[in-house]
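What follows is one structure encoded as structure tokens, with my remarks underneath.
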Amino acid sequence: MTTPAAHPRTVPAARLTSFGHGGGCACKIPPGALEDVVAGLVGAPVADPAGELMVGLDDGDDAAAVRIRDDIAIVSTADFFTPVVDDPYDWGRIAAANALSDVYAMGGTPLVAVNLLCWPTGALPYETAAEVLRGGRDVAGAAGCHVAGGHSVDDPEPKFGMAVTGTADPARLMRNDAGRAGIPLSLTKPLGIGMLNCLHKNTGTPIPQAVDAMTRLNAGAARDALAAGITCATDVTGFGLLGHLFKMARASGVSAVIDAAAVPYLDGARQALRDGYVSGGTRRNLDWVRPHLRSAAGEDELLLLADAQTSGGLLVAGEVPGAPVIGELVAADPHDGSIITVR
């Protein structure tokens, strides 16, 4: 996707990333704490529901799915975060691609999105906000998804994202609790986005390979997975590969093995790690998974696998054309408390 020539970019004098305490999906509430917060919402009664809730809060899947007809499920999600890059147009593109990814991860097609915008009205010009919204509109438009309004509030910390509604075939939903032992695991985008974003936030160094990865839609990967008959997938975002794989394996009642040497990384990610550019979110991810992890790998390798991604790829239980196989799901050992093994 290219920037329309008729709309030159406007970059604010102050760096956008300086306004956020975190960056992108690394600013999520820690996964263990979040599960505790929403635990009381699971299974809440609903009077005269308009459809059957097929996927809800139970396993922390990517989006909600409600069957309204035998052949149609509504897929609904919302995602927003603080600036992950300094270019407002790119931030808008990244946030939109990230929100749309939740629908793709469920095997759905996005139909309409509404903007979610928090803006420091006394600190950043409205022209910058317009650039953010334009970036989101352009990516949604390329995905065939309408953008129709939204909501904004005055906030000292800028945040942007979208609430997205899509549709899916109820019989072909991809969900994180459908994994089975003996199935390979594929990853459709390289890791390392979090490390590179942390480098950008701290130094201002442009990282074009990270922007390219974050703005790439997961639409093609989702289509390929559906065509292959795959029923289990999730996208890799703020909880890192280890965190999202842990949730998938736990929900499916299986364990997982990762071949660390097979996992792809963006250029510069390992150097960023060596230089100390590791987000707090990445460290929290590893702390959360560590009690369920068996590994002979060093701490640096585990931090890369736990790296908090923004608009990452799909983690798919099955083989997707062009995507590397990075491990497999295996039967759970009742005598072993580990859920993930890294080799």
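The table for this structure:
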quantity	calculated
Which listed residue is surrounded by 15 or more Cβ atoms within 10 Å (Cβ to Cβ), more than 14 Å from the chain's Cα centre (by Cα) and either in a loop (DSSP other than H, G, I, E, B) or of a type in the set (A, V, I, L, M) (or both), from Ile74, Ile68, Ile94	Ile74
Search result, residues across region 232-253 that are surrounded by 21 or more Cβ atoms within 10 Å (Cβ to Cβ) and outside any helix (DSSP H, G or I)	Cys232, Ala233, Thr234, Asp235, Val236, Thr237, Gly238, Phe239
Ala178, sole failed condition from (1) within 18 Å of the chain's Cα centre (by Cα); (2) of a type in the set (A, V, I, L, M); (3) assigned to a loop (DSSP other than H, G, I, E, B)	(1)
Flag if Thr165 is assigned to a strand (DSSP E or B) and out of contact with any Cys (no Cβ under 7 Å at 6 or more places or on another chain)	yes
Region 308-338: number of residues that are farther than 28 Å from Ile29 by Cα, among the aliphatic types (A, V, I, L, M) and not in a strand (DSSP E or B)	4
Residues that are touching a Gly at 6+ places or on another chain (Cβ under 8 Å), among the charged types (D, E, K, R) and within 27 Å of Asp169 (Cβ to Cβ), drawn from region 182-223	Lys189
Members of region 306-328 found to be among the aliphatic types (A, V, I, L, M), over 10 Å from the mean Cα position of the chain (by Cα) and over 23 Å from Gly229 (Cβ atoms), listed by number	Ala306
Failed item, numbered, when Asp300 is tested on (1) surrounded by 15 or more Cβ atoms within 10 Å (Cβ to Cβ); (2) of a type outside the set (Phe, Trp, Tyr); (3) assigned to a helix (DSSP H, G or I)	(1)
Cβ-Cβ under 6 Å pairs, at least 6 apart or on other chains, region 247-269 side within 22 Å of Gly192 (Cβ to Cβ), far side charged (D, E, K, R)	Val257/Glu328; Asp259/Arg343; Ala260/Glu301
Among (1) modelled with pLDDT under 95; (2) outside any loop (DSSP other than H, G, I, E, B) - the single one Thr341 does not satisfy	(1)
Some residue of region 31-40 being surrounded by fewer than 24 Cβ atoms within 10 Å (Cβ to Cβ), of a type outside the set (Val, Ile, Thr) and not in a helix (DSSP H, G or I)	no
Scope region 209-231; condition outside any helix (DSSP H, G or I) and charged (D, E, K, R); matching residues	Arg216
Residue in region 138-150 that is part of a strand (DSSP E or B), aliphatic (A, V, I, L, M) and surrounded by 19 or more Cβ atoms within 10 Å (Cβ to Cβ) present	yes
Pairs, first within 12 Å of Leu242 (Cβ to Cβ) and in the same structural domain as Gly204 (by TED's automatic domain parsing) in region 271-293, second at pLDDT 95 or above and not hydrophobic (A, V, I, L, M, F, W, C), C-beta under 7 Å, six or more apart	Thr282/Gly194; Thr282/Gly240; Thr282/Asp307; Asn285/Gly240; Asn285/Gly243; Trp288/Gly243; Val289/Gly243
Near pairs, Cβ below 7 angstrom, 6+ apart or cross-chain, from region 115-136 (assigned to a helix (DSSP H, G or I)) to any residue that is surrounded by fewer than 20 Cβ atoms within 10 Å (Cβ to Cβ)	Glu127/Thr10; Thr128/Thr10; Thr128/Pro12; Glu131/Arg9; Glu131/Thr10; Arg134/His7; Gly136/Val147
Extreme residue, nearest to Gly20 (Cα to Cα), among residues of region 260-282 that are loosely packed, with under 15 Cβ neighbours inside 10 Å and out of contact with any strand residue (DSSP E or B) (no Cβ under 7 Å at 6 or more places or on another chain)	Gly280
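The values are calculated or read from the model by the stated rules, or taken from the named source; none is laboratory data. Not measured: the values here are computed from a predicted model. Heads up, the Cβs are rebuilt from the backbone with ideal geometry, glycines too, and the neighbour counts pull from every protein chain shown.
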